[in-house]
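Here is the structure we will look at.
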Amino acid sequence: MNFIMAWRNIWRHPRRSILTIAAIVFATMLLVFMLSWQFGAYDTMIDATVKIHTGHIQIQAQGYQDQRDMRKVVPDPNEIERILTSLRGVKSYTFRAEDFSLVSSENRTYGVLVIGIDPQKEPSVSTLEDMIRRGRFLEAGDRRSALAGEILADNLNSPVGGDLVLLGQGRDGSIAATVLTIKGIFNTGQDEFDRTMIHIPLEYFQELYNMRGAVHMAVVLCDSLTAVPAVKERIAGALSGIDSSLAVLDWKELNPGLVQAIQMDLVSGFIFYLILIIVVAFSIMNTFLMAVFERTREFGVMMSMGMGPGRLMGLLLMESLGITLIGVVIGTIAGAAVTWYFQIHGMVIPGAEEVARQFGLPERMFPQLSFLSIAVGAGIVLILTVLSALYPAFKVKGLKPVEALSAV
Amino acid sequence: MTIVECRNVKKIYRQGEVSVTALDGVDLSIVKGDFMALAGPSGSGKTTLLNMIGGLDSPDGGSILLNGQALEKMKPSQLADMRLHQVGFVFQSYNLIPVLSAVENVEFVMLLQGMPLQERRRKALAILDDVGLAGKYGRRPAELSGGQQQRVAVARAIVGAPAIVLADEPTANLDSASGKDLLKLMQEMNESKKVTFIFSTHDKMVMEYARRLTLIRDGRIVEDRRK
Ligand SMILES: Nc1ncnc2c1ncn2[C@@H]1O[C@H](COP(=O)(O)OP(=O)(O)O)[C@@H](O)[C@H]1O
Ligand SMILES: [Mg+2]
């Protein structure tokens, strides 16, 4: 009967209840959608960054990440290869070596990052091959060949087939000098990369820079983002017995800027949600306060019948919980439906192209519906609404029977 | 058997500088089976006294015993429990819970008392028959006339088998025919079910129905006689 009473009381002022429910529905929908959107964007950002360049995990010499000293090497890639080929959760891997050098065309010189890549393994880890806009990717057997970023190639005024003079310093301090032919020009969408990088075959790099078989990093792609921590641990475990001078870094450590960007976005999102929820919570509290005030005499009658304050409070909380639950359930379903639609069809945010480019993101973005985004969205609204209903209910608890009865 | 014993009960309302003595040393004892009118002009302290006896308010002086228990010593939760089992109230108007039907309003008391569903439904229907509302069980208060609403209120007040029913000007909002009907009903319940009633009034006609007439003026009992 308490339940029946609560239910009927909810519909006593249908318009008011519907407005309140609508506010809750709206807040829940928005939260579910926005959270899914954010999580989806993060996944896309991480995925793009990881696949363009860093991979999920890298094995490097201790300290190489902070100080790119060409003498800090992974001395024996074969040993690493033996570990990685049989490791569960590893999807693919490759080796790279890097050094800063000068490249010149006929009349221009730029400082660039020269990266030695394995033409066969690299495509399994990064999207570099797909980003070749002109010419071709490197092939096995290529020697004095290079891939250049589009901006760099423009700056150097060198088309595919053009020659570049490279001047650098080898691992042992000797001079590394050669002439390279541009075989392909890539565009990653990230200007920073396209302006400052050239890729050459790893074997040739090792020869040119006197690497004596060493590389600078093993780049690992895992089966999924969620598998990364476990794989990282497994690699570290396998390495610990072999070579203590090596470090295992995950994508967060490899891309501190990206992690920071995500954190900042989460915080600003959180502030926005908080404001939204506070507005909704106040409107709900207002509704409940109104409902309580206009029913004071009725509460007086109930108290005269011997209904204790605790029970009265229970009734009121049941009413507010009822309204909240209706709103949250509808809001969650509607929010999930809307999110689902955009998850399938994607969505172009006007004006966000610039940001998208900066992170190498596609223009059409997809929200990612997940248990987390639904549970967090619905949970926040549920908790805050119930909390905002507590205040009016507690006011009733302090009501004296005679005062309540004399209310009109 | 004495059900209510008031000894030198005082109540003073203070509103800033002004203080109003609503009850000025009331001595009163009510015995089982009384059918008593508490009569007096408006502002004489009738509502205040009934609220004290029913444990809705507490006196500033003196003592009230209900079934031998001193109300002024009870905590609010104990008072609520005491009202639930020992007291039935009928007010002048708006007695009923608007979202509940007649039968549900009557049942509600028994629900609070913890009676099982079957039993309370049966009792509620029976008592509604007794007060002449057979066939109107499912009506909401808004669908009942003023007289019918007061009948439901009486049914609700007596259904929990309280020691006493306190009715504060129960007929004041009714036309005289409905008022008489309600008084007859209360009289009948008093006789057949031995329910003890106190009802306040300032209406001569209503006083005539009482078997005991207690007059109150300026917070004092000035006359108390049985017919
Ligand atoms: N809550 C209150 N605050 C101040 N004065 C009150 C209050 N309730 C009643 N009074 C005063 O106490 C006196 C008795 O009131 P009441 O018991 O309501 O009389 P009655 O029911 O006989 O009309 C009146 O003078 C009234 O103004
Ligand atoms: Mg009065």
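What number of residues within the range B:184-203 satisfy the criterion of being surrounded by fewer than 20 Cβ atoms within 10 Å (Cβ to Cβ) and within 16 Å of ligand 1 (Cβ to nearest atom)?
Going through the range B:184-203 one residue at a time, the tally reaches 2.
Filter the range A:365-408 down to the residues that are in a loop (DSSP other than H, G, I, E, B) and more than 16 Å from ligand 1 (Cβ to nearest atom) and list them by number. Step through it out loud before you land on a result.
Step one: of the range A:365-408, the residues in a loop (DSSP other than H, G, I, E, B) are A:366-370, A:398-400, A:407-408.
If the condition is that a residue be in a loop (DSSP other than H, G, I, E, B) and more than 16 Å from ligand 1 (Cβ to nearest atom), then A:Phe366, A:Pro367, A:Gln368, A:Leu369, A:Ser370, A:Gly398 are the ones that fit.
Which ranges mark the strands (runs of 3 or more DSSP E) fully within the range B:16-97 that have 2 or more residues being within 9 Å of another protein chain (Cβ to nearest Cβ) and of a type outside the set (Val, Ile, Thr)? Write out each step before concluding.
Working: elements: B:18-31, B:35-39, B:61-66, B:87-90.
Here the list reads B:87-90.
Looking at (1) buried (at least 22 other Cβ atoms within 10 Å of the Cβ); (2) away from ligand 2 (no atom under 16 Å from the Cβ), find the lone condition where B:Ala37 falls short.
It fails just one condition, (2).
When you scan the range A:245-364 for helices (runs of 4 or more DSSP H) that lie fully inside it, which ones turn up with 2 or more residues that are of a type outside the set (Phe, Trp, Tyr) and within 14 Å of another protein chain (Cβ to nearest Cβ)? Walk me through how you get there before you give the answer.
Numbers: elements: A:251-254, A:256-294, A:296-304, A:309-345, A:353-358.
Passing ranges, in order: A:256-294, A:296-304, A:309-345.
Given the residues A:Val25, A:Val74, A:Val32, which is the only one that is crowded, with 21+ Cβ neighbours inside 10 Å and more than 27 Å from the chain's Cα centre (by Cα)? Lay out the reasoning, then the answer.
Values: A:Val25 fails: more than 27 Å from the chain's Cα centre (by Cα); A:Val32 fails: more than 27 Å from the chain's Cα centre (by Cα).
Sole residue among the options that is crowded, with 21+ Cβ neighbours inside 10 Å and more than 27 Å from the chain's Cα centre (by Cα): A:Val74.
Check off (1) modelled with pLDDT under 90; (2) in a helix (DSSP H, G or I) for A:Asn107 and give me the number that stays unchecked.
So A:Asn107 meets the others, but not (2).
Would you mind stating whether B:Arg140 is away from ligand 1 (no atom under 16 Å from the Cβ), modelled with pLDDT of 95 or more and farther than 24 Å from B:Ser29 by Cβ? Even if it seems obvious, please write down each step before you answer.
Values: away from ligand 1 (no atom under 16 Å from the Cβ): yes; modelled with pLDDT of 95 or more: yes; farther than 24 Å from B:Ser29 by Cβ: yes.
Against the criterion (away from ligand 1 (no atom under 16 Å from the Cβ), modelled with pLDDT of 95 or more and farther than 24 Å from B:Ser29 by Cβ), B:Arg140 qualifies.
From the residues in the range A:234-284 that are out of contact with any Phe, Trp or Tyr (no Cβ under 9 Å at 6 or more places or on another chain) and among the charged types (D, E, K, R), which one is farthest from A:Ser36 (Cα to Cα)?
Among them, the one singled out is A:Asp243.
Table: residues versus (1) farther than 28 Å from A:Asn9 by Cβ; (2) at pLDDT below 95.
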| residue | (1), (2) |
| --- | --- |
| B:Lys46 | yes, no |
| B:Ser58 | yes, yes |
| B:Gly62 | yes, yes |
| B:Gln69 | yes, yes |
| B:Lys73 | yes, yes |
| B:Asn95 | no, yes |
| B:Ser101 | no, no |
| B:Val106 | no, no |
| B:Leu111 | no, yes |
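Take B:Phe108 and decide whether it is touching a residue at least 60 places away in the same chain (Cβ under 8 Å) and either more than 14 Å from chain A (Cβ to nearest Cβ) or more than 16 Å from ligand 2 (Cβ to nearest atom) (or both). Please lay out each step first, then the result.
Numbers: touching a residue at least 60 places away in the same chain (Cβ under 8 Å): no; either more than 14 Å from chain A (Cβ to nearest Cβ) or more than 16 Å from ligand 2 (Cβ to nearest atom) (or both): yes.
No; evaluated as a whole, the condition is false for this residue.
Got a sec? Which of A:Leu167, A:Leu87, A:Leu113, A:Leu102 is assigned to a strand (DSSP E or B) and within 30 Å of A:Thr44 (Cα to Cα)? Give the steps one after another, and end with the answer.
Working: A:Leu167 fails: within 30 Å of A:Thr44 (Cα to Cα); A:Leu87 fails: assigned to a strand (DSSP E or B); A:Leu102 fails: within 30 Å of A:Thr44 (Cα to Cα).
Result of the check over A:Leu167, A:Leu87, A:Leu113, A:Leu102: A:Leu113.
From the list A:Gly237, A:Gly257, A:Gly269, pick out the single residue that is over 18 Å from A:His216 (Cβ atoms) and more than 24 Å from the chain's Cα centre (by Cα). Write out each step before concluding.
On the way: A:Gly257 fails: more than 24 Å from the chain's Cα centre (by Cα); A:Gly269 fails: more than 24 Å from the chain's Cα centre (by Cα).
Just a single option satisfies the conditions, and that option is A:Gly237.
If B:Asn51 meets every condition in (1) within 9 Å of ligand 1 (Cβ to nearest atom); (2) over 17 Å from B:Pro162 (Cα atoms) apart from one, which number is that one?
(2)
Filter the range B:5-34 for residues that are touching a Leu at 6+ places or on another chain (Cβ under 8 Å) and within 14 Å of ligand 2 (Cβ to nearest atom) and give the result.
Answer for the range B:5-34, where residues must be touching a Leu at 6+ places or on another chain (Cβ under 8 Å) and within 14 Å of ligand 2 (Cβ to nearest atom): B:Lys11, B:Leu23.
Can you tell me which condition B:Val9 does not meet? The list is (1) within 11 Å of another protein chain (Cβ to nearest Cβ); (2) over 16 Å from the mean Cα position of the chain (by Cα); (3) touching a residue at least 24 places away in the same chain (Cβ under 8 Å), and all the others hold.
The one condition B:Val9 does not meet is (1).
Got a number for residues in the range A:1-20 being within 12 Å of chain B (Cβ to nearest Cβ) and part of a helix (DSSP H, G or I)? Quick ask: steps written out before the conclusion?
Filtering the range A:1-20 for residues within 12 Å of chain B (Cβ to nearest Cβ) gives A:1-13.
From what's left, part of a helix (DSSP H, G or I): A:2-10.
Matching residues across the range A:1-20 total 9.
Scan the range A:136-150 residue by residue and report those that are of a type in the set (Gly, Ala, Ser) and within 33 Å of the chain's Cα centre (by Cα). Before you say what the answer is, go through the steps one by one.
Going through the range A:136-150, the residues of a type in the set (Gly, Ala, Ser) turn out to be A:140-141, A:145-146, A:148-149.
Scanning the range A:136-150 gives A:Ala146, A:Ala148, A:Gly149.
Looking only at the range B:159-179, decide whether some residue is at negative phi, charged (D, E, K, R), touching a helix residue (DSSP H, G or I) at 6+ places or on another chain (Cβ under 6 Å) and surrounded by 21 or more Cβ atoms within 10 Å (Cβ to Cβ).
Just the residues of the range B:159-179 that are at negative phi, to begin with: B:159-160, B:162-168, B:170-179.
Imposing the further condition that a residue be charged (D, E, K, R) reduces the set to B:168, B:175.
Adding the requirement that they be touching a helix residue (DSSP H, G or I) at 6+ places or on another chain (Cβ under 6 Å) leaves B:168.
Imposing the further condition that a residue be surrounded by 21 or more Cβ atoms within 10 Å (Cβ to Cβ) reduces the set to B:168.
Yes, the range B:159-179 contains at least one residue that is at negative phi, charged (D, E, K, R), touching a helix residue (DSSP H, G or I) at 6+ places or on another chain (Cβ under 6 Å) and surrounded by 21 or more Cβ atoms within 10 Å (Cβ to Cβ).
Quick check, is A:Gly346 surrounded by fewer than 20 Cβ atoms within 10 Å (Cβ to Cβ), among the small types (Gly, Ala, Ser), modelled with pLDDT under 85 and away from ligand 2 (no atom under 16 Å from the Cβ)?
On the way: surrounded by fewer than 20 Cβ atoms within 10 Å (Cβ to Cβ): yes; among the small types (Gly, Ala, Ser): yes; modelled with pLDDT under 85: yes; away from ligand 2 (no atom under 16 Å from the Cβ): yes.
In short, yes.
The values are calculated or read from the model by the stated rules, or taken from the named source; none is laboratory data. Computed from a predicted model, the values in this text were never measured in an experiment. Using ideal geometry, Cβ is built from the backbone for each residue, glycine included, and neighbour counts are taken over all protein chains shown.
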